[in-house]
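> Dropping a structure here in structure tokens format, bear with me for questions.
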Amino acid sequence: MKNIIIVGSGWRAFFYYRVIKALPEKFNFLAMLTRSEETASRLSKEHGIKVTTSKEECIKLSPDLVVVASSKSNIVETAMEWAGLGFEVLMETPAGINEEQFSALINFPFKDKIQVAEQYHRYPRFQAMKKLLDRHIIGDLIDMYFSFCHDYHGVSMIRFFMGDLKNVKIVSSVSYPFKMLETGARAGITYAGDLKEYKRNITILELEKNRHVIYDFSGVQYHTEIKSSRVSIQGSLGEMLDDRFSYAREIAKGEKLDSKEVDSYEVKYSLSSSISSGAIGKDSLYDYSPEGKHKFSYESDKLVYHYDDNRDLVSISFKGEELWTNDYLSCGFNNDEIGIADFLSGKAKYSVDQAVEDARLANEFA
């Protein structure tokens with residue numbers, strides 16, 4: 001069991017608290033540290049928990065992990081302070097907001113004691129997607145369109161899917177305001193919203209020659225009933241478009257394809273994807289392939305989500321294979337809570353060096 005204190009008392013701090021309390025077999029909440037005596041007294045009464053303004057008192061509790069969920073302006077200083085005392089630290093994003101903080105964190109001698117919590121990495125659907133992509137199901141990853149989360153979160157997800165960002169260049173970037181109907185907020189859905197102004201940013205990043213990412217984000221995306229988010233990746237053997245994978249699969253000698261056994265290594269193609277067979281009709285397709293190359297079948301299928309009677313996500317599969325299983329099913333966690341639980345337990349890692357590199361890049365265009 002991991003003994004934990006939380007530094008900070010805002011809504012994000014209580015996000016961690018709820019996850020910790022939901023898993024008593026894994027975590028033990030010791031205390032929450034805040035600056036104001038008034039806040040400490042109020043939160044202690046409201047939630048029935050130990051809230052203190054004494055750092056020394058928290059140190060004496062000898063936590064196994066210190067969660068730093070303070071404000072963005074001082075989160076780096078606070079994380080380094082606790083790591084410098086010898087504690088393992090899990091700090092909220094971002095890993096700094098300016099070059100002074102980036103440099104301080106990168107050059108901090110105890111930075112290996114700090115992990116940064118990037119919950120989007122651990123979203124169930126993204127974990128399932130990553131497993132398939134790591135198998136090169138769509139071949140080498142070439143281009144990406146990413147419209148899901150903002151700034152440093154968005155850059156970290158580009159790294160998660162596409163790999164190293166050390167040589168990335170900003171090809172172009174534009175931001176502009178637009179108006180859209182407000183349909184929701186953190187509090188929930190609203191049916192009496194007005195047209196509200198949001199900022200949209202579209203940036204083209206060059207990862208290396210002939211590999212690019214289009215980052216497209218507007219603030220309305222987090223809480224809306226009328227605008228979708230999207231993740232699309234082009235590969236040398238296919239495409240991932242949100243939950244659907246369309247790809248070429250090399251077929252083995254002796255494998256049956258369209259009820260005919262493959263008995264040679266001439267190139268044969270079976271257009272079995274839902275798009276091609278539905279649009280053209282597979283029987284009418286003409287195989288014009290030259291001889292002497294590998295054979296492929298063309299396939300298309302989606303991730304399948306399995307839910308229990310409470311509509312909690314149990315697992316995610318692809319073509320009958322289970323890719324992700326919910327370790328916290330009894331808790332009823334949402335995507336963010338699943339991600340936070342993975343970081344608290346040590347199942348997920350996101351280093352200071354990577355987090356700083358991603359936040360630094362995001363500052364250049366977002």
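The values are calculated or read from the model by the stated rules, or taken from the named source; none is laboratory data. None of these values were measured; they are calculated from a predicted model. Using ideal geometry, Cβ is built from the backbone for each residue, glycine included, and neighbour counts are taken over all protein chains shown. The accessibility values were calculated without ligands, DNA or RNA, using every heavy atom of the protein model including side chains. Shrake-Rupley method; radii C 1.70, N 1.55, O 1.52, S 1.80 Å.
> For Arg12, all conditions in the list (1) of a type in the set (D, E, K, R); (2) farther than 18 Å from Gly339 by Cα; (3) surrounded by 14 or more Cβ atoms within 10 Å (Cβ to Cβ) hold save one; what is the number of the exception?
With respect to (1) of a type in the set (D, E, K, R); (2) farther than 18 Å from Gly339 by Cα; (3) surrounded by 14 or more Cβ atoms within 10 Å (Cβ to Cβ), Arg12 is out only on (2).
> Taking the stretch 93-122 as the search range and keeping residues that are farther than 30 Å from Leu313 by Cα and aliphatic (A, V, I, L, M), which one is surrounded by the most Cβ atoms within 10 Å (Cβ to Cβ)?
Ala95
> Output the residues belonging to the stretch 79-96 that are of a type in the set (A, V, I, L, M), more than 20 Å from the chain's Cα centre (by Cα) and part of a loop (DSSP other than H, G, I, E, B).
Leu85, the sole residue that qualifies.
> Looking at (1) at pLDDT 95 or above; (2) open to solvent by 40 Å² or more (accessible area, probe 1.4 Å); (3) closer than 30 Å to Asn28 by Cβ; (4) among the aliphatic types (A, V, I, L, M), can you tell me which one Val304 breaks?
Among (1) at pLDDT 95 or above; (2) open to solvent by 40 Å² or more (accessible area, probe 1.4 Å); (3) closer than 30 Å to Asn28 by Cβ; (4) among the aliphatic types (A, V, I, L, M), the lone unmet condition for Val304 is (3).
> Being under 20 Å from Leu344 (Cα atoms), touching a strand residue (DSSP E or B) at 6+ places or on another chain (Cβ under 6 Å) and open to solvent by 10 Å² or more (accessible area, probe 1.4 Å) is the filter here, so list the residues in the stretch 123-162 that pass it.
Gln127
> Here's another thing I want to ask about it. Name the residue that is surrounded by the most Cβ atoms within 10 Å (Cβ to Cβ), counting only residues in the stretch 309-326 that are modelled with pLDDT under 95 and of a type in the set (D, E, K, R).
So the residue we want is Asp312.
> From Leu90, Leu30, Leu61, Leu65, grab the single residue that is under 13 Å from Ile114 (Cα atoms), at pLDDT 95 or above, open to solvent by 10 Å² or more (accessible area, probe 1.4 Å) and among the hydrophobic types (A, V, I, L, M, F, W, C).
Leu65
> Further question on the same structure: Which of the residues spanning the stretch 191-223 are over 19 Å from the mean Cα position of the chain (by Cα), part of a loop (DSSP other than H, G, I, E, B) and surrounded by 15 or more Cβ atoms within 10 Å (Cβ to Cβ)?
Result: Gly193, single match.
> With Asp309, Asp358, Asp327 as the choices, which residue is closer than 28 Å to Thr93 by Cβ and either without any contact (Cβ under 8 Å) to a residue 40 or more places away in the chain or among the basic types (Lys, Arg) (or both)?
None of the others qualify; the one that does is Asp327.
> Take Val76 and tell me if it is in a strand (DSSP E or B) and modelled with pLDDT of 95 or more.
No, not satisfied.
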